[in-house]
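Could you have a look at this structure, given as structure tokens, before my questions?
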Amino acid sequence: MNRSITRPKSHKRLLTLVFTVLLAATIGGGGAAASPAPAKGSITIHKFLVNSYENLREGTGSPSDASSLPAGAEKLEGISFRLDKPGDSAFAAVTKATDKNGEIVFPGLEEGVYRVTELLPEGYSAQKEQFLVPVPLEGRYDVHVYPKNMGKGGAIAKQLDAEQRVYGLEEEIPWAVEYPLDSGTKKNFYIYDQMDPRLDYVAGSAALAFLDAGRRPASGVSFAEGTDYTERYDAGMHVVTWAFTDAAAQKLTDHGVKYIAVKLRTRVNETALGTAARPVWNNAGLQFTNAAGDPSRQQVFDPGQGTEGANVPKAWLGGIAVVKVSSGSGRERLAGAVFKLAADEASAKAGRYLQRDGKDMEVTTDARGEALFDLLGAGTYYLVETKAPAGYRQLKAPVRAVIGNDPEKRLASLEISNQPQDKGGKPGPVTGDDVKLLAYVLGGAGAVAGLAWLFWPKKKKQNVDSDQ
């Protein structure tokens, strides 16, 4: 006789639980149960210096990615990175620098996408300055990344290529530039010279030299304008560029060219009139696209940040300031004195004067007794008074003025006095005419400095090259 067995409900629940566990073990192949995913992960940065961005493999987030580093890769210490989490305001950004092994660890990271930003130091380019890293990556919670840098080879060097430092209108100013090159791929590579708008490029004056690491001419290679590179001058922007073909840029790398040295000349143009209180500047830069497709650029300075800094290559503009006064204790300011300018004493006595635009250089003192010969280069000049102020005797001897090559002495300031005519308007003997070298405006007394700086920016072409 069969009897049915009735089990308590608690026994049924226990049997169901046991069956579920056994089924899970069977599906797992009889092995141990899988470990639960960690609650938090990490990002480890391994920083390396490489010679090229070419043929670099995409990372997988694994430490084994180190095996695919290019030959010669070097660990970089002291490179800073910033880690933040876009869209998560609760995550506090962290900045760390690589240790002696070129490594940084950002531990204790919740799941999500993190942004890594390299704080690129001077002298390096980056394969990627910023990139995103998910945690986990391909199931891996401890993610390893291998960003690379290349050295830029140093900063662009630029300077005046002459001992002369103070220049005048239409004078040519020579410059020397040295562009450093790294060993990486360069697409769309060009170098350029950016001039102050008061300067124009002297067409055809540039000479390019291609140098090795010892700054010797690179052996076994040459570069021809029109074939390897093209020179172009944009007169409106005052920029001259030398653009290289991609093949020529590769030739630079293949033949160990580490520097391109350029010598060129610029000319002071008429827009400089009335601006001699400010030096003229000259900038230089280079640009190319690297193997990763990112732009790489460098310049001597950023014109948007100002052009007065000590790092700005510059030249100065000179001039002669005249103050005309009466002799005696009153020193009354005299208008209407007319002066011309000669290059030397013999020319002054012979009436051979310097010219601009086909006319003798000539200035007339204004109501304040002031006049300016603007935009003159360093050197010695002679002023000749061709007309005296009304009621005063004309000077017979030329007046010597020296514009110093020192920027602090680039403006010669002269106080020149005249004696009144005898009563009845008849000129008396020419004696006692007085000429004082007041001071060089930048190194002299405050009163003279105030005078020169007040009228230098204001006196423009109306008091130069006029025939009043």
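Filter the range 225-254 for residues that are among the hydrophobic types (A, V, I, L, M, F, W, C) and in a strand (DSSP E or B) and give the result.
Within the range 225-254, Val239, Val240, Trp242, Ala243, Phe244 qualify.
Of all residues in the range 160-189 being in a strand (DSSP E or B) and either aliphatic (A, V, I, L, M) or outside the structural domain of Ala203 (by TED's automatic domain parsing) (or both), which is farthest from the chain's Cα centre (by Cα)?
Going residue by residue through the range 160-189, those that are in a strand (DSSP E or B) are 160, 166-167, 172-180, 187-189.
In the following step, the residues that additionally are either aliphatic (A, V, I, L, M) or outside the structural domain of Ala203 (by TED's automatic domain parsing) (or both) were identified as 160, 166, 173, 176-177.
Values: Leu160: 15, Val166: 22, Ile173: 19, Ala176: 15, Val177: 12 Å.
Among those that are in a strand (DSSP E or B) and either aliphatic (A, V, I, L, M) or outside the structural domain of Ala203 (by TED's automatic domain parsing) (or both), it is Val166.
Also, quick follow-up: Within the range 333-425, considering only strands (runs of 3 or more DSSP E) that don't extend past its boundaries, which have at least 1 residues that are small (Gly, Ala, Ser)?
So the answer is 338-342, 370-376, 379-387, 399-403, 411-418.
Scan the range 133-159 for residues that are more than 21 Å from the chain's Cα centre (by Cα) and without any contact (Cβ under 8 Å) to a residue 40 or more places away in the chain and jot them down.
Once the filter is applied, which keeps residues that are more than 21 Å from the chain's Cα centre (by Cα) and without any contact (Cβ under 8 Å) to a residue 40 or more places away in the chain, the range 133-159 yields Pro134, Gly139.
Can you report the number of residues in the range 174-183 which are buried (at least 22 other Cβ atoms within 10 Å of the Cβ) and at pLDDT below 95?
Counting residues in the range 174-183 that are buried (at least 22 other Cβ atoms within 10 Å of the Cβ) and at pLDDT below 95 gives 1.
Is there a residue being among the β-branched types (Val, Ile, Thr) and more than 23 Å from Ala390 (Cβ to Cβ) anywhere in the range 327-338? Show your work before the answer.
Residues of the range 327-338 that are among the β-branched types (Val, Ile, Thr), as a first pass: 338.
From the residues that got through so far, the ones that are more than 23 Å from Ala390 (Cβ to Cβ) too are none.
Checked against the condition, which is being among the β-branched types (Val, Ile, Thr) and more than 23 Å from Ala390 (Cβ to Cβ), the range 327-338 yields no hits at all.
Conditions tested, residue by residue: (1) among the small types (Gly, Ala, Ser); (2) buried (at least 20 other Cβ atoms within 10 Å of the Cβ); (3) touching a Lys or Arg at 6+ places or on another chain (Cβ under 6 Å).
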| position | (1), (2), (3) |
| --- | --- |
| Val257 | no, yes, no |
| Ala284 | yes, yes, yes |
| Val312 | no, no, no |
| Ala350 | yes, no, no |
| Arg356 | no, no, no |
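Does at least one position in the range 255-267 carry a residue that is in a strand (DSSP E or B), among the hydroxyl-bearing types (Ser, Thr, Tyr) and under 30 Å from Met361 (Cα atoms)?
yes
Now, a different point. Could you pull out the residue among Leu273, Leu252, Leu341, Leu264 that is among the aliphatic types (A, V, I, L, M) and touching a Ser or Thr at 6+ places or on another chain (Cβ under 8 Å)? Even if it seems obvious, please write down each step before you answer.
On the way: Leu273 fails: touching a Ser or Thr at 6+ places or on another chain (Cβ under 8 Å); Leu252 fails: touching a Ser or Thr at 6+ places or on another chain (Cβ under 8 Å); Leu341 fails: touching a Ser or Thr at 6+ places or on another chain (Cβ under 8 Å).
Leu264 is the lone residue from the list that is among the aliphatic types (A, V, I, L, M) and touching a Ser or Thr at 6+ places or on another chain (Cβ under 8 Å).
Tally up the residues in the range 393-417 that are crowded, with 20+ Cβ neighbours inside 10 Å and over 50 Å from the mean Cα position of the chain (by Cα), please.
1
The values are calculated or read from the model by the stated rules, or taken from the named source; none is laboratory data. Just so it is clear, the model here is predicted, and its values are computed rather than measured. Note: ideal-geometry Cβ built from the backbone for every residue, glycine included; neighbour counts use all protein chains shown.
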